[in-house]
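First comes the structure, then the notes that go with it.
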Amino acid sequence: MIEIGAQVDLSHPAERVWRALTDRELLGRWFAEAEMVEGVPDRMLLHTAGLPGFEANVEVEVTERQEPDLLVLACDEAGRLSELTCTVTATKQGCRLELREISTHGAWSAEQHDPREQQLRQALTVRLPAILDWIAFQQVDLRRADGGMTAELPLIGVRGGAGRNPRRRRTLVAVVAGAVLVAGTAAWVTLPPDAKPAAAPAPAATASPTVTAARTTVAPTATPSARPSRSTASATARPSRTPSAKPSRTPASATPPPPPTPITARYETESDRLFGYTGEIVVGNPGAAPVADWAVVVTLAEGTTVDDVDGANWRQDRRVVTFTGAAVAAGGSQTISFDVRDSRPNAREPESCTIGGQPCAGL
């Protein structure tokens with residue numbers, strides 16, 4: 001018996017979570033589109049074929065329902081049978097949702113199991129909270145006129161993946177289905193951009209400095225002549241005014257060192273949700289030596305604040321957030337992940353991102 005499971009603590013009441021589990025339209029937003037099976041009550045077909053961890057669509061049937069605490073589904077994925085249990089438990093902050101899927105006939109391959117469980121966790125921690133936030137926002141009704149911003153469901157998902165076009169079908173009042181679960185696409189792995197270190201300039205060849213100029217005096221030669229030759233006296237009495245070699249003004253040791261290879265950074269919005277998003281910055285060092293002193297400076301949109309940071313030290317001054325951290329090894333990288341809260345329902349990306357005064361890639 002193979003099991004897949006995940007759980008999440010939500011700041012929403014159990015009744016709201018139950019609605020997200022059993023409303024067909026909402027289910028299609030955070031998990032997969034659902035289509036009723038003609039003539040069979042309490043049964044639907046989930047369009048999961050092509051999702052990570054799924055090989056085919058999943059047919060589900062409700063076998064037990066205790067609103068708003070328990071929902072049990074029998075699942076059939078092309079002859080592979082499993083049972084999915086959805087448990088909702090009230091907490092002081094809201095409720096806890098736990099999903100467990102147990103194979104009852106057949107088994108998932110190793111290539112299926114891990115992506116399936118990963119997608120389940122992503123659906124519970126990213127897409128489902130976004131839908132619940134939207135429901136709460138609609139119930140509070142902050143609209144100022146007809147056609148306000150609560151009029152339509154948001155499109156929530158991880159950036160970089162291709163979304164699926166919703167199809168209108170007749171459906172049952174739905175049930176969560178398969179936790180087999182997970183709608184969404186895999187997140188981009190951001191890698192540091194390639195950069196080649198600048199070649200050091202060849203040292204200039206220079207002559208060794210000469211410290212002492214030659215001073216050679218030829219002694220006058222005695223001759224029987226009564227008057228010495230003027231040319232001889234001139235040649236012998238005055239030392240040479242021209243040194244044999246001029247000292248070099250640029251010793252070889254003064255050759256300027258090559259400029260350091262600049263450290264790089266790339267920004268990516270890892271996931272969106274109502275009233276916020278998760279951003280990721282990858283700091284890369286393409287050089288041949290570690291870089292200890294680096295800082296990434298991010299300017300957020302008006303009305304946004306950083307809520308949580310992983311992978312760096314940080315400080316925020318109004319809209320400007322500065323990330324610093326340990327030295328980045330030569331050829332290595334450092335990943336910074338941070339959550340941002342936005343005062344608007346449609347979250348806005350940072351206005352700018354720089355490292356060492358240079359803009360980050362990807363923004």
Task: Efficiency of FRET from Cβ geometry, GLU67 and THR305, R₀ 51 Å, rounded to 0.05 - done: 0.85
Open item on the list: What distance in nm lies between label points placed 7 Å from Cα along the C-beta direction at THR324 and ASP293?
Closed with: 1.0
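How big is the Rg/Rh ratio for segment 32-84, C-alpha atoms only, Rh by Kirkwood, two decimals? Walk me through the numbers before you get to the answer.
Values: Rg = 11.4 Å, Rh = 11.6 Å.
Here the Rg-to-Rh quotient is 0.98.
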Task: Solvent-accessible surface (1.4 angstrom probe) belonging to VAL297, in square angstrom, nearest 10 - done: 50
TODO: Report GLU268's accessible area, 1.4 Å probe, all protein chains in place, as a number in Å² to the nearest 10.
DONE: 50
Open item on the list: Give me, ordered by chain and number, the residues 5 or more places off GLU351 or on other chains with an amide H under 5 Å from its own placed amide H.
Closed with: THR299, LEU300, ALA301
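Over all directions, average the projected area of the Cα convex hull of segment 273-363 and note it in nm².
On the way: hull surface 22.3 nm².
Computing the convex hull of the Cα atoms and averaging its projections yields 5.6 nm².
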TODO: With a 1.4 Å probe and every protein chain left in place, work out the accessible area per residue of segment 256-318 in Å², rounded to a whole number.
DONE: 49
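Report the extension gain between ALA49 and GLU83 in nm, rounded to one decimal, defined as 0.36 nm multiplied by the number of residues separating them, less their alpha carbon distance. Could you put the intermediate results ahead of the total?
Details: separation 34, 0.36 × 34 = 12.24 nm, distance 1.83 nm.
Fully extending the segment from ALA49 to GLU83 adds 10.4 nm.
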Task: Cα-projected label distance for ARG96 with GLN358, points at 7 Å along beta-carbon direction, nm - done: 4.8
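Apply the a/c threshold of 1.5 to the C-alpha gyration tensor of segment 28-129 and tell me whether it is rounded, prolate or oblate.
Numbers: a/c = 1.60, a/b = 1.20, b/c = 1.33.
Cα axes put segment 28-129 in the oblate bin.
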- [ ] Compute the accessible area per residue over segment 1-127, keeping the other protein chains in place, probe 1.4 Å, unit Å².
- [x] 47
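The values are calculated or read from the model by the stated rules, or taken from the named source; none is laboratory data. Here the structure is a predicted model, which is why all the values come from computation and not from measurement. When we count neighbours, we look across all protein chains shown, and the Cβ atoms used for this are built from the backbone with ideal geometry, even at glycine. Just the protein is used for accessible areas: all its heavy atoms, side chains included, with ligands, DNA and RNA removed. Shrake-Rupley method; radii C 1.70, N 1.55, O 1.52, S 1.80 Å.
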